[in-house]
1. To the nearest 20 Debye, how big is the dipole of the chain about its Cα centre, given +1 on the beta carbon of each Lys and Arg and -1 on that of each Asp and Glu?
2. Can you pull the percent of segment 104-254's accessible area that's carbon plus sulfur, 1.4 Å probe, other chains left in place?
3. Once you have a ≥ b ≥ c as the square roots of the Cα gyration tensor eigenvalues for segment 122-192, tell me rounded if a/c is under 1.5, and otherwise prolate or oblate according to whether a/b is larger than b/c.
4. Using helices alone, I'd like the mean residue ellipticity at 222 nm for the chain: each DSSP H run of four-plus residues gives -39500 (n - 2.57), total over residue count, nearest 500.
5. Tell me which residues come under 5 Å, amide H to amide H, from Asp56 once H is placed; ignore anything under 5 positions away on its chain.
6. How large is the accessible surface of Asp173 in square angstrom, using a 1.4 angstrom probe and rounding to the nearest 10?
7. Given the C-alpha centroids of segment 198-258 and segment 11-84, what is the distance between them in whole angstrom?
8. Using the Cα centre of the chain as origin and beta-carbon charges of +1 (Lys, Arg) and -1 (Asp, Glu), tell me which of Val154, Ser120, Ala258 is placed farthest towards the positive end of the dipole.
Amino acid sequence: MTPDASALVQPAQVHRDLYTSPAIFALEMQRLWAGSWLFVGHDSQVPAAGDFVTTDLAGQPVLMLRREDGGIGVLHNRCAHKGAPLSTAAAGHADRYLRCPYHGWTYRLDGRLAGIPLKSGLPATADQPARAGYAGSGFEHCPAQDGLTAYGEVASHRGFVFARARPGGPPFDACLGELLQALDLLADRSPQGRLRVAGGVLRTTFAANWKIYLENINDAFHPVTTHASATEAAQGAWGTPPEGTPVPLAMRQLLPFAAGYDFFDQMGGRLLPHGCSVLGTRQSLHTAYTGLGGYAEALQAAHGRERAEAVLRFAPQNVVFYPSMALKGAPQVMRVLRPLAADRTVLEAWAFEAEGAPPELLQSALLYNRQVFSPLSIVAHDDLHLFEGIQRSLAADGNPWVSLHRGAAADADAGAVLPRDVSGIDEALLRHQYQAWAEKMAGPATGAEASP
Ligand code: FES
Ligand SMILES: [Fe+2]
């Protein structure tokens, strides 16, 4: 029986089943994730025809690959024969054909079936009659002869590739709206306007629901308490050096976490359609990252003064592309969520190199991911430790509701008008995510959901 998701979201609280129920998780993948534009990868990962990466979209293993016509395709990573993955490597290259490792079926880069070993069977030999292949088997009328299945619709902007499994919702540009400007501002940190994925993707699997992580990305109320241990450690390591001592990059990134409630309140947030948002419209922990000699001039020469200033000003805490991704501008990093189960999620941390920009920008991005988002981070574990505890506690007896009441009295006045600007510490940012969740979960059933 299909669970009733609508009963789990109230105006200022959500029910624990929304985090813990495997049936709700399955419905989320079918209704919310399959109907959303999800980040797949960046085109710099597949520069040449035949290059591919493998990943997971809404619980579906997929390949993103560069076709021979230069376009990018997203295909289910499932051989048409018996379902073997075409590749289990994170990335690879196929010359002109993808070849299944199980029985050797081959596919063109657009997914069309190219060849089947022994398709015509085997000729008769002295001691054996001919062995039949596919002739007369009805194969030409079965789905396998269509080759690999396309994941759905694919769209990209400034190298960021997105896909949506279920067609029919708002088109890509309309759906992303203001978020396209965030991608533009990030890409224009390169004087050439081009980004490259740098340093691979850092992955952490944690034992908690994806929404606990995603709401934390919008939660500027937590660093004061959650990250007190990390900031105390950083302050202890930094000590009180003589005035004028240059602040090393690691400290420039960690010390701002010690900001107080006033700072986070003044950060500013913005609610956008489809559950998307910006935290840090006025300031963020990254605002004070200092400029580099010559960089501003290079940006001005490339983009003009006004644009260069806008690019350098762009330092949000997080821009959330609901439900799968959140990016920053400075540093040039982003996080991507790949849910595995109600209580299991993969977090990816990505870093970008802005082509033509000083190498310090790349170093800053790589260092930020290591210090703040990686499995070896001293900051992420403050959060992950709590997330895994929350997941266990929510499954236990007791109050079944999670409170989102901070600032909720203003919601009635604001109505449903979007975009809307809010305080950085207002739980309106969190309520906004769950409104989108409820709307998308009430959406139409997919073919997969309807099938027996
Ligand atoms: S499963 Fe791929 S060739 Fe058999
Ligand atoms: Fe945190």
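1. Dipole size: approximately 1080 debye.
2. C and S atoms contribute 55 percent here.
3. oblate
4. Estimated from H runs of four or more residues: -7500 deg cm²/dmol.
5. Answer set, sorted by chain and number: Val62.
6. 100
7. Cα centroid to Cα centroid, the span is 29 Å.
8. Result: Ser120.
The values are calculated or read from the model by the stated rules, or taken from the named source; none is laboratory data. Everything numeric in this text was worked out from a predicted model, so none of it was measured. Positions of Cβ are backbone-derived with ideal geometry, glycine not excepted, and every protein chain shown enters the neighbour counts. Side chains are part of the model used for accessible areas, which takes the heavy atoms of the whole protein and leaves out ligands, DNA and RNA. Shrake-Rupley method; radii C 1.70, N 1.55, O 1.52, S 1.80 Å.
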